[in-house]
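Notes follow once the structure below has been shown.
The values are calculated or read from the model by the stated rules, or taken from the named source; none is laboratory data. Treat the numbers as computed from the prediction; the structure is a model and nothing was measured. Neighbour counts run over all protein chains shown; Cβ positions are idealised from the backbone, glycine included. Heavy atoms of the whole protein, side chains included, go into the accessibility calculation; ligands, DNA and RNA do not. Shrake-Rupley method; radii C 1.70, N 1.55, O 1.52, S 1.80 Å.
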Amino acid sequence: MRLLVIEDEIKVARFIERGLREEGFTVETALDGESGLQKAQAGSFDLIILDVMLPERDGFSVLRELRASAMSTRVLMLTARDGVGDRVQGLDLGADDYLVKPFAFAELLARVRALLRRSIAEETVLLHAADLQVDVRARRVTRGGQLVVLSAKEFGVLAHLLRRAGHVVTRAELAETVWEDLPNTPSNVIEVTVYHLREKIDRGFTPALIQTVRGAGYLLQKS
């Protein structure tokens, strides 16, 4: 997923950028409000992390312009001011969440993932790759026109892999998304779930869609 960080404090911007990239996100950075607004309008981002106090154009102005153009991208605002008025203003302008500096990266990451989960839940309910089709709302899976019955965890893994089709999904990401971020989810539990999922959707069909990327995670082919 593509994230845009608009933050003028270089150390903070690099800290956020490095951490998010280590978690598998594609990240772009802007160091002032005007260039951040231009990048947001020109690119296709899944989430924007937006500081309030910015040179050229402040975060509230950037957010106001984005919402005026009907852009619905999730926005997480950052601020060094813990005043209720600032938070209310940001939320009234269309921010989706607020985080006060200084913050732990773990909290930032948790908020980012929560916002992205909300975005995914509002996406189209029909996912597909090759002759595999998944109706998310009805929780109905077919391959080659044949109904495939999956457990709840198998369905969760498959839906997440489809949403990230063409990208490597780490076991940690699956634990976060499908197992609700349980920190002690054993890696072998995820591996067994993926094994059973493959048996149901790949065995007897061409092409095999789910691949193991050694040392990294899993990849679902787009076609």
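With an 8 Å cut-off on Cα pairs and a minimum separation of 6 or more residues, tell me the relative contact order of the chain in percent.
So the answer I get is 13 percent.
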Legend entry - Efficiency of FRET between GLN89 and GLU28 - r from beta-carbon atoms, R0 30 angstrom, step 0.05: 0.70
Inset, instruction - Hey, can you grab everything whose amide H is under 5 Å from the amide H of ALA30? Only 5+ residues off in sequence or another chain; H modelled, so Pro and N-termini drop out. - result: VAL5, ILE6, GLU7
Legend entry - Karplus-derived HN-Hα couplings along the range 54-64 (A = 6.51, B = -1.76, C = 1.60, θ = phi - 60°), whole Hz, x at Gly and Pro: 10, x, 6, 7, 6, x, 4, 5, 4, 4, 4
Inset, instruction - Could you work out the local net charge near GLU22, counting Lys and Arg as +1, Asp and Glu as -1, over the other residues with Cβ closer than 15 Å to its Cβ? - result: +1
Inset, instruction - Counting other Cβ atoms within 10 Å, keep those with at most 10, restrict to DSSP loop, and tell me which GluC sites (Glu not before Pro) in the range 154-223 are left. - result: GLU180
Legend entry - Per residue value of the accessible surface for the chain (all protein chains in place, 1.4 Å probe), Å²: 51 Å²
Legend entry - Most fluctuating residue given options VAL88, VAL194, VAL157, as computed from a GNM of the chain linking Cα atoms under 10 Å: VAL88
Inset, instruction - Please calculate the 1.4 Å probe accessible area of GLU9, with all protein chains present, and give it to the nearest 10 Å². - result: 90 Å²
Inset, instruction - Could you pull out every one of the lysines with an alpha carbon less than 17 Å from that of LYS11, ignoring same-chain neighbours closer than 8 positions? - result: LYS101
Inset, instruction - Sequence neighbours fewer than 8 away in the same chain don't count; with that in mind, list the lysines whose C-alpha is under 20 Å from LYS153. - result: LYS200
Legend entry - Modelled label reach - SER72, point 7 Å along Cα→Cβ, the range 1-24 residues with backbone N closer than 18 Å: 2
Inset, instruction - Tally the DSSP beta bridges in the chain and give the antiparallel ones as a percent, rounded to 5. - result: 50 percent
Legend entry - Given the chain, longest segment not containing exposed loop trypsin sites (Lys or Arg not before Pro) (DSSP; at most 15 other Cβ within 10 Å): 1-80
Legend entry - Accessible surface ranking that places the most exposed of ASP51, ASP58 first, with a 1.4 angstrom probe: ASP58, ASP51
Legend entry - Protein accessible area in the chain, 1.4 Å probe - carbon and sulfur %: 51 percent
